[in-house]
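Written out below as structure tokens is the structure these notes cover.
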Amino acid sequence: MHFPPAKLIRGACVHVVWLLISILLATHAQAAPPTLSHIFPAGGQRGCQTMVTCSGEFTWPVQVWAPGVKVCVTEEEGKLQVDIPQDLATDRVWIRLYNEEGASAALPFLIGSLHELSEEEPNNWPREAQPLSQEAVTVNGILKEKEDVDGFAMELKAGQTLVAHVAANSRLGSPMDAVLQVVTPGGAVLAENHDAVGLDPRIVYTAEAAGTHIVRLFAFSSTPNTKIAFQNGEDYIYRLTLTTGPFITHAVPLAAPSTDMNSVNLLGWNIPSRVNLPVVPLGKGGLESYPEIEGASDFRHAHDSRLGFAFAPEFAGSARTLLVPHRVTREITQADPHEPPVIELPSSITGRLRLPGRSDVFRLPLRKKQAVVIAVEAPSLDLPMVPVVRLIDPTGGVAAEVLESGPARDAVIFHRTKHEGEYRLTITDRYRHGGERYFYRLTIREDVPDYELVAENDTLVVEPGKPAEFPMKIKRHAVGKQSIGPITLKLVDPPHGLSMPQVVSEAEGDTAKKVNLKFSAKGPAFSGLIHIRGTAEQPSPMERHVRAPEKFGASTDAIWLTVTEPDSAEPDSAEPDSAEPDSAEPGSAEPGSAAAGDAAAEKTEPAEKPESSS
């Protein structure tokens, strides 16, 4: 018998081993959930179609979840076709990729009203600046190359006001600290800004002479380091809005009644006089089932407050506002400093410090031992005022004083009165500044016990037959001796085959602040949103939904769930689930079965051709 040489055998074995490794790696890559690091462009114009490139790790095609817009997965890898409704009342939607094994992070996709175009290289030097023929445009760009500087040339008339605004770090999470300049064709700097909205710059420049003006942009890293040099990267993505037309930043008043949403005045630049816009709920026109809500707060607002929105298709910018369930007062003019206006609880008031050194004063009739919340917001609304608030009791003593509280630098007072009578509230700017944009929102209401439920993650993967834990935090707000009692957490309308035994967060002890929810599944596969509800009975019945972690100042009350495909060895998942037990274990739950929900399970099949998801 003839045997092949040992060298050939060893070579064949090595080849087989590498083939097996390649197959295993390919199988793993196919099975892994998709990741999404960034998308470009990171926004689009209402009523238009935009081609978006996804960056991350995924096997194409994938499924796409993007409520509010219509998305078509194209045949070209990484390419999505996004159609934006003309009347969509939001400045942002979210895009998430998913497959049968899990989901990516949801990334923001900004919505604007102006014509859009992409930055074109080379444009580093003033002589190479990309010419722009439109007087109102949004440019999508990336500071990708080493020491990249992007320049854009615009023709301005003498006296014409240009608004140049960058959305990057604060709205998209781009790891850049941008610098924006207006320069002459020779490079002389006419205007410059670093940090107008968070780390993102904005310039309002009125041309002294007609001619070509260059708007240029460069960036440092948003993370402090020892490098004194321009930074760049594939994820240094920005949206630069340039306009000599109307640009909206805020709606006045800064709050509106949720039961009677009236029109609002506009704050910004180049806005025609006597222009009012209607306020609608944020997300109207396509996002009603997935509305953004305020991020985790310090209980300054009533729980049933919601976000409103005002925009105009022909104006740049837009305005979010707060929809509140109580009295709203438009801007108050304090004509007589000796007779300050009286505020009745609960109220939201829009104030303005028009002149430097000015203080606004209000009178508050309060009962003895009355618990109140007083919030003066400006920095968190991207307004320049830094509030200082002082509450004076009927005897003339200082009952409470706050310079600024929390990273947002707003001023919030939680106070329980010692006297009955008329209190006085004074509001001023910390640096004694004032001006036309020195608005603030004052909210005063009675303080009540409350709580918030915040998940540590916004996605959950459950494999049939393998219990999965889902940690979450409980934030309790007590008022005097009144505090929130035990909170029972329950899954709302679970998909078929998924169970989560009830969990109780006790009023005291380890489970008062944090619990682990435990999920188990018997199939079938599912990809979609779930809701988890908390119920407290003390000191009064109160329901709250678990919120996803805050992103860019906002949150939602839904969690993305993936139930993977059942293993062939698993029991038949078509069998009915047993009833959920009545008892609940404090703080944790052993895997168990629950009554089948009414929601149908959703099986995700790989796309064989471009398909839409909305």
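The values are calculated or read from the model by the stated rules, or taken from the named source; none is laboratory data. What you see is a predicted model; the values in this text were computed from it and never measured. Neighbour counts run over all protein chains shown; Cβ positions are idealised from the backbone, glycine included. Quick note on the areas: whole protein, heavy atoms, side chains included, nothing else; ligands and nucleic acids left out. Shrake-Rupley method; radii C 1.70, N 1.55, O 1.52, S 1.80 Å.
On a 1.4 Å probe surface of the protein chains, which of Arg441, Arg216, Arg330 comes out largest in accessible area, and what is the full order?
Result, largest first: Arg330, Arg216, Arg441.
For His194 and Thr259, what is the calculated FRET efficiency with R₀ set at 45 Å and r taken between the beta-carbons, to the nearest 0.05?
Efficiency, rounded to the nearest 0.05: 0.60.
Can you put Asp447, Asp235 in order of accessible area, largest first, using a 1.4 Å probe?
The ordering from most to least exposed comes out as Asp235, Asp447.
Which whole-number value in Å² is the accessible area per residue of the chain, probe 1.4 Å?
In whole numbers, the chain has 46 Å² accessible per residue.
Any idea of Glu469's accessible area? Nearest 10 Å², probe 1.4 Å.
100
In square nanometres, what is one fourth of the surface area of the convex hull spanned by the alpha carbons of the stretch 353-396?
Answer in nm², one decimal: 4.3.
Between Arg330 and Ala210, 0.36 nm times their residue separation minus their Cα-Cα distance comes to what?
That works out to 39.2 nm of additional length.
Could you tally the net charge around Pro337, taking each other residue with its Cβ under 11 Å from the Cβ of Pro337, Lys/Arg +1 and Asp/Glu -1?
Neighbourhood net charge equals -2.
For the chain, give the percent of accessible area contributed by carbon and sulfur heavy atoms, probe 1.4 Å, rounded to a whole number.
52
Below 25 Å Cα-Cα, how many Lys pairs turn up in the stretch 349-503? Only count pairs eight or more apart in sequence, or on different chains, if you could.
Number of lysine pairs found: 10.
How high is the FRET efficiency between Ala507 and Glu456 when r is their beta carbon distance and R₀ equals 22 Å, given to the nearest 0.05?
So the FRET efficiency works out to roughly 0.55.
So, counting K/R as plus one and D/E as minus one, what does the shell of residues with Cβ under 13 Å around Ala507 add up to?
Here the charged neighbours net out to -1.
Determine the order of Met154, Met51 by accessible area, beginning with the largest, at a probe radius of 1.4 Å.
The ranking, largest first, comes out as Met51, Met154.
Using a Förster distance of 22 Å, how high is the FRET efficiency between Val448 and Ser380, based on the Cβ-Cβ distance and rounded to 0.05?
So the FRET efficiency works out to roughly 0.50.
In the full protein assembly as shown, how much of Cys48 is accessible to a 1.4 Å probe, in Å² to the nearest 10?
Near enough 50 Å² of accessible area.
Give me the accessible area of Asp195, 1.4 Å probe, in Å² rounded to the nearest 10.
Rounded to the nearest 10, that gives 80 Å².
Please report how far the C-alpha centroid of the stretch 169-242 lies from that of the stretch 290-345, rounded to the nearest whole angstrom.
Between the Cα centres of the stretch 169-242 and the stretch 290-345 lies a distance of 31 Å.
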